[in-house]
Amino acid sequence: MTRSARIPLLIVGGGIGGLATALAASQAGYPAHVVEKAEEFAEIGAGLQLAPNATRMLDRLGIWDEIRKHAIFPKRLVLMDAVSGQHITSLNLGAKFLEHFGYPYIVMHRGDLLTVELEACRRNSLVTLENNREAVRIEDLGDGARVEFADGSIYECDALVGADGLWSCARKVVHDDADPVPAQFVAYRGTIPIEEAPPESEFDSVLLWVGPDLHFVQYCVRRGKLFNQVAVFRSYHYKESSEDWGTVDELDEHFGKMCPRVRTAVAKIKRNRRWPMLDRLPIPNWTRNRITLLGDAAHPMLQYIAQGACQALEDAVCLGDNLKKYGGDAARAFLAYQEPRIERTARVQNIARLFGEIKHVHGVSIQLRNALLAKRTADDIEYFEWLYGYKG
């Protein structure tokens, strides 16, 4: 391929982070070419929580007005004790919260967010989208990259962003740290029609139930037409390199010991698929010449503070800002992009692990956790400032 025939910017991965990067790059005047391995652009999963640090980024990307049409605006985040059924603490998401952070906390269906991004990309003359393009090998050329696909075709590009998720092909070129780290926890999740929601469900809030080695999340999506539920627990039968753990029987065993309200709700959870919880340790570098990483390819994190998609959106806007700042010098732009993002996302990764430990404590630690958290007021936003107050 001649130098002139190269793709200026190739984005490997067409998920939430990849499409956000295409939009951000186009705002900087960069033509962006997205390749996605799936047959169509689609998100696996159901509900998604987006804190103000993410909704602010959606506005920067020019899609916030459309996102609002699909979003639910919960009144509060509520932490509940799954054993006793008692309230522990809450965070009000109303006027004071909105005034302070400038943007709301929303929940929505993952597919709705991706659809809005996809439609924005399709309207954008600077964005090219391709499906059925699975990258199987990426080579650093120094002044660009070469990508080989599963069908044998090859692209060369001046710059490459690896937004290809937890099992990233691009990451192996930059920092080959073997497989992700299993947390030995597994999730069962999905949506049900709102009419089938369990009795006593709270439709105007996000509820997080916590118990020994487990938690359970509930909130509405799709304009209140669907009820999203996620059940997460530690498997005591974890086996490395095996799928025979985290079974439906274990799900019932764990949650069968919880309060009646939780037991009733978990009985309605979808059981056709399980999601093992995985992450990686933070790494000190995401960039090799004109190849860089973004989202889960760079900093996969546990879902315990609902920041995976939020951090990918932050990445995309930061990368777009630096592409604009450094013009055609992708190598400088990539290094400038990663400098603040590595430190911030490492903190989020580590806090996610820590919060998982706090959620899942046993014995006397449950009473200690509950007593300490119960002391805070519902309008106390001090702890969230570092996370939700991010402006890029």
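The values are calculated or read from the model by the stated rules, or taken from the named source; none is laboratory data. Remember, predicted model here, so these are calculated numbers, not experimental data. Because the Cβ atoms are built from the backbone with ideal geometry, glycine has one as well, and the counts that use them run over all protein chains shown. Ligands, DNA and RNA are stripped out before the accessible areas are found, and what is left, the full protein with its side chains, is counted by its heavy atoms. Shrake-Rupley method; radii C 1.70, N 1.55, O 1.52, S 1.80 Å.
For a straight C-alpha distance cut-off of 17 angstrom, the aspartates and glutamates reachable from Lys257 (same-chain residues fewer than eight places away being disregarded) are Asp81, Asp213, Asp249.
For Ser365 and Asp151, what does the FRET efficiency come to when R0 = 41 Å and r is the distance between their Cβ atoms, rounded to the nearest 0.05? Each step should come with its number before you reach the end.
Details: r = 53 Å, r/R0 = 1.29.
It comes to 0.20.
Among the GluC sites (Glu not before Pro) in segment 166-235, those placed in a DSSP loop whose Cβ has at most 14 other Cβ atoms within 10 Å are Glu200.
Per-residue counts of other Cβ atoms within 10 Å, averaged by peptide: what ranking do you get for 231-244, 250-263, 332-345, highest first? If you can, show how the numbers build up before the last one.
On the way: 231-244: 14.8, 250-263: 17.4, 332-345: 19.2.
My ranking of the peptides, most packed first, is 332-345, 250-263, 231-244.
Within a Cβ distance under 9 Å of Arg133, other residues only, what is the Lys/Arg minus Asp/Glu net charge? Residues near Arg133 contribute -3 overall.
With 0.36 nm allotted per residue and the present C-alpha distance subtracted, the Tyr383-Phe203 stretch has 62.2 nm of extension available.
If R₀ is 30 angstrom, what is the calculated FRET efficiency for the pair His237 and Asn285, using the beta carbon separation as r and rounding to 0.05?
Values: r = 37 Å, r/R0 = 1.23.
Efficiency for this residue pair is about 0.20.
Averaged per residue, the chain has 43 square angstrom of accessible surface, using a 1.4 angstrom probe with ligands and nucleic acids left out. Each part reduced to its alpha carbon centroid, segment 100-121 and segment 247-321 end up 17 Å apart.
Straight-line reach from Lys225: taking Cα to Cα under 18 Å and skipping same-chain neighbours fewer than 8 places apart, the lysines in range are Lys69, Lys75, Lys268, Lys270.
Hey, what D do you get for the chain in µm²/s if you plug the Kirkwood alpha-carbon radius into Stokes-Einstein at 4 °C and 1.567 mPa s? Let's see the in-between values first.
Values: Rh = 21.7 Å.
Translational D for this selection: 60 µm²/s.
Only helices at least 24 Å long along their own axis, judged from Cα atoms, and with Kyte-Doolittle mean hydropathy of -1.0 or greater: name those in the chain from DSSP H. Answer set is 308-326, 330-359. Local charge for Tyr155 was computed over the other residues whose Cβ lies under 10 Å away, with Lys and Arg +1 and Asp and Glu -1, and equals 0.
For the pair Asp252 and Leu98 in one chain, pulling the backbone fully straight at 0.36 nm per residue adds 51.6 nm over the alpha carbon distance. Taking the Cα centre of the chain as origin and assigning +1 to Lys and Arg Cβ atoms and -1 to Asp and Glu Cβ atoms, the resulting dipole is close to 680 debye.
Label sites at Arg223 and Ile358, each approximated as a point 7 angstrom past Cα along Cα to Cβ, lie 3.7 nm apart. Determine the sum of side-chain charges near Glu39: Lys and Arg each +1, Asp and Glu each -1, restricted to other residues whose C-beta is under 11 angstrom from that of Glu39. The answer is -1.
First compute the accessible area of the chain with a 1.4 Å probe, then give the percent of it belonging to carbon and sulfur atoms. Intermediate values should be presented prior to the final figure.
On the way: 8510 of 16910 Å².
Heavy-atom surface of the chain belonging to carbon and sulfur, 1.4 Å probe: 50 percent.
Could you give the dipole magnitude of segment 274-324 about its Cα centre, charging the beta-carbon of Lys and Arg +1 and that of Asp and Glu -1, in debye to the nearest 20? Each step should come with its number before you reach the end.
Numbers: 5 positive and 5 negative charges, 41 e Å.
So the dipole magnitude of segment 274-324 works out to roughly 200 debye.
Inter-label distance, Lys69 to Glu130: 3.1 nm, where each label sits 7 Å from its Cα along the C-beta direction. Computed from label points 7 Å out along Cα-Cβ, the spacing between Ala374 and Glu195 is 4.0 nm. Overall, segment 1-158 carries a charge dipole of about 640 debye about its Cα centre when +1 sits on the Cβ of Lys and Arg and -1 on the Cβ of Asp and Glu, all other atoms neutral.
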